[in-house]
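Q: Once you've had a glance at the structure underneath, I'll fire off some questions.
The values are calculated or read from the model by the stated rules, or taken from the named source; none is laboratory data. Computed from a prediction, not measured in an experiment: that's the story for all the values here. FYI the Cβ positions are ideal-geometry reconstructions off the backbone, even for glycines, and counts take in every protein chain you see.
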Amino acid sequence: MATAMMKNTSGGPRSIGGLMSRLLARTGYDQQQTAGALVDAWDQAVPAVFRRASQPGLVKRGVLEVFVSHSALVQEMGFYKREILAKLTASVPGEGITDIRCRVLADAGRSTPTNDRGP
């Protein structure tokens, strides 16, 4: 019955669930929630040494883009890739992550860009 209400484009009643989905998609709130879940899953999946020096980016076609603070971490991340992938697919199965690609970004993993600067 709810689907019948969703298909009604003549101005008739619509389901609250359908309206909320559209509202969340339009405001971007659904993507913020997903991104927050992915960051939490990343922190749980990676070894402690990577947490402050890396951050997850977007998932595109099943590939999670990860930003790391220096090039040596790109190679190190490769040693843990299978383990991290297994944990991520268990934590956030809806993301459909099948691979990880690393890129160097100097400020990766820092909570704010001013962390290392003086007053």
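Q: Could you go through the range 24-42 and let me know if any residue there is modelled with pLDDT of 90 or more and either more than 11 Å from the chain's Cα centre (by Cα) or of a type in the set (Gly, Ala, Ser) (or both).
A: Yes, some residue in the range 24-42 is modelled with pLDDT of 90 or more and either more than 11 Å from the chain's Cα centre (by Cα) or of a type in the set (Gly, Ala, Ser) (or both).
Q: Looking at (1) in contact with a helix residue (DSSP H, G or I) (Cβ under 9 Å, 6 or more places away or on another chain); (2) modelled with pLDDT of 90 or more; (3) exposed (fewer than 15 other Cβ atoms within 10 Å of the Cβ), which is the one condition that is false for Ala2?
A: That leaves (2) as the condition not met.
Q: I would also like to ask the following. I'd like the residue in the range 61-116 that is modelled with pLDDT under 90 and out of contact with any strand residue (DSSP E or B) (no Cβ under 9 Å at 6 or more places or on another chain) and, out of all such residues, is nearest to Ala48 (Cα to Cα).
A: Ser111
Q: Looking at the range 51-68, which of its residues are outside any strand (DSSP E or B) and either small (Gly, Ala, Ser) or without any contact (Cβ under 8 Å) to a residue 40 or more places away in the chain (or both)?
A: Of everything in the range 51-68, those that are outside any strand (DSSP E or B) and either small (Gly, Ala, Ser) or without any contact (Cβ under 8 Å) to a residue 40 or more places away in the chain (or both) turn out to be Ala53, Arg61, Gly62.
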